[in-house]
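The structure appears right after this line, and notes come after that.
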Amino acid sequence: MPPKSKAAAAAAAEPVSVEDLFTALHRHIEAGEFPQAVKVADQVLAASPGDEDAVRCKVVAHIKSDATDKALAAIRAAERLPIDLSYYKAYCYYRQNKLQEALDILNGQEETAAVLQLESQIYYRLGRMNDCMSSYEKLQKFKVDSIDLKINIIAALVAGGRASEVQVAMKAQKVDLTTRALRDTRSFELAYNSACTLIENKKYSEAKEQLDLAKRIGKEELMVEDYAEDEIEYELAPVSVQLAYVQQLQGQTQEAMETYANMINKKSGDPSSLAVATTNLISIKGTKDVADGLRKLDRLVEKSTAPNQLQLIESLEFKLSSRQKEALYSARVLLLLHANKIDQV
């Protein structure tokens with residue numbers, strides 16, 4: 001290989017300016033190239049130690065890469081710097097389901113739109129729906145126009161047993177929840193959550209319409225993203241379970257049972273959908289085939305070292321609502337009673 005020219009060697013040795021590094025950093029972040037963004041942020045910090053923008057970019061890039069442990073390590077490394085990274089630390093704890101720790105960090109923080117949205121999500125996972133709605137109400141002053149926020153408000157009202165308030169809340173947000181309007185909006189989550197509201201209000205036919213719409217929108221979107229048929233079935237499992245639940249409520253128990261059993265046997269759903277399908281199937285079958293019902297429920301329960309303590313597996317603990325957990329526990333107690341396992345009851 002011929003030796004490099006002196007000009008080329010000098011160019012290679014010439015350090016890249018911080019400005020050029022920030023240009024590259026911005027480009028990587030805009031392109032969603034977060035691992036590369038972290039590397040460039042480290043280059044900036046090597047040239048300009050403690051640069052606040054570089055530190056923030058590094059933390060956010062780790063979070064966007066789902067590397068919350070690395071994000072927390074970067075936050076700890078910056079603790080001596082005059083940079084407030086409390087929000088990002090709370091968000092990392094939230095992602096790790098360390099919910100009380102996240103909430104403790106947010107307490108006393110200035111109530112910005114970002115802080116209130118994170119706070120509301122934490123309260124939702126904790127099952128504290130009134131506190132969750134209180135955070136959403138405080139958010140109104142920021143006039144945040146986000147479809148995700150509106151979807152979350154509906155979910156919180158339904159989970160808190162306040163489905164009757166959804167229409168009024170969405171009217172204030174200028175959201176039309178009629179099936180025709182949802183068809184135009186083409187929001188899978190909005191159609192799904194609106195259907196859950198209708199179920200709570202015992203409007204089962206309308207709920208089925210909106211669930212069918214949600215399934216159609218979801219399938220079309222996933223097909224565009226080249227999802228395989230089994231992957232689409234898995235992603236849309238929550239809708240399938242709700243459709244079966246509507247059938248169950250309308251007395252179409254055989255059809256509902258077939259959907260639940262098929263999903264459980266094929267494991268064609270996320271853990272929370274499988275848990276709901278299992279609980280609903282047991283509620284239909286009652287005390288028939290007690291041993292099989294207990295086997296299905298035992299898959300959802302963590303083996304605990306504490307005596308007589310029931311704990312759900314980690315993937316369910318923060319996914320199921322309080323009412324869903326109560327239904328699951330009640331089903332297990334009923335089956336244990338009929339199995340004459342009084343100590344476990």
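The values are calculated or read from the model by the stated rules, or taken from the named source; none is laboratory data. Keep in mind the model is a prediction, meaning the values are calculated, not measured. Every residue, glycine among them, receives a Cβ derived from its backbone with ideal geometry; neighbour counts consider all protein chains shown. In case anyone asks, the SASA skips ligands and DNA or RNA and just uses the protein heavy atoms, side chains included. Shrake-Rupley method; radii C 1.70, N 1.55, O 1.52, S 1.80 Å.
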Self-check item: Checklist (1) at pLDDT 95 or above; (2) open to solvent by less than 70 Å² (accessible area, probe 1.4 Å) applied to E206, failing item
Solution: (2)
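Table: residues versus (1) closer than 25 Å to F188 by Cα; (2) out of contact with any Asp or Glu (no Cβ under 9 Å at 6 or more places or on another chain); (3) aliphatic (A, V, I, L, M); (4) open to solvent by 60 Å² or more (accessible area, probe 1.4 Å).
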| residue | (1), (2), (3), (4) |
| --- | --- |
| A114 | yes, yes, yes, no |
| E137 | yes, yes, no, yes |
| K150 | yes, yes, no, no |
| V158 | yes, no, yes, no |
Quiz item: In region 21-41, which residues are without any contact (Cβ under 8 Å) to a residue 24 or more places away in the chain and either surrounded by fewer than 11 Cβ atoms within 10 Å (Cβ to Cβ) or not in a helix (DSSP H, G or I) (or both)?
Solution: E30, A31, E33
Practice problem: Scan (1) polar (S, T, N, Q); (2) within 30 Å of I75 (Cβ to Cβ); (3) crowded, with 19+ Cβ neighbours inside 10 Å for the single condition T197 breaks and write down its number. | Solution: (2)
Quiz item: Out of region 232-257, which residues are open to solvent by 40 Å² or more (accessible area, probe 1.4 Å) and outside any helix (DSSP H, G or I)?
Solution: Q250, G251, Q252
Practice problem: Please state which one of L81, L45 is under 27 Å from G108 (Cβ atoms), open to solvent by 30 Å² or more (accessible area, probe 1.4 Å) and either modelled with pLDDT under 95 or of a type in the set (A, V, I, L, M, F, W, C) (or both). | Solution: L81
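Scan region 84-94 residue by residue and report those that are charged (D, E, K, R) and surrounded by 14 or more Cβ atoms within 10 Å (Cβ to Cβ). Don't jump to the end; show me each part of the working.
Kept after step one, since they are charged (D, E, K, R), are these residues of region 84-94: 84, 89.
Answer for region 84-94, where residues must be charged (D, E, K, R) and surrounded by 14 or more Cβ atoms within 10 Å (Cβ to Cβ): just K89.
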Self-check item: Members of region 48-67 that are out of contact with any Ser or Thr (no Cβ under 8 Å at 6 or more places or on another chain), crowded, with 21+ Cβ neighbours inside 10 Å and more than 22 Å from V16 (Cα to Cα)
Solution: V59
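Output yes when any residue across region 266-278 is in a loop (DSSP other than H, G, I, E, B), over 25 Å from L99 (Cβ atoms) and in contact with an Asp or Glu (Cβ under 9 Å, 6 or more places away or on another chain), and no when none is.
Yes, region 266-278 contains at least one residue that is in a loop (DSSP other than H, G, I, E, B), over 25 Å from L99 (Cβ atoms) and in contact with an Asp or Glu (Cβ under 9 Å, 6 or more places away or on another chain).
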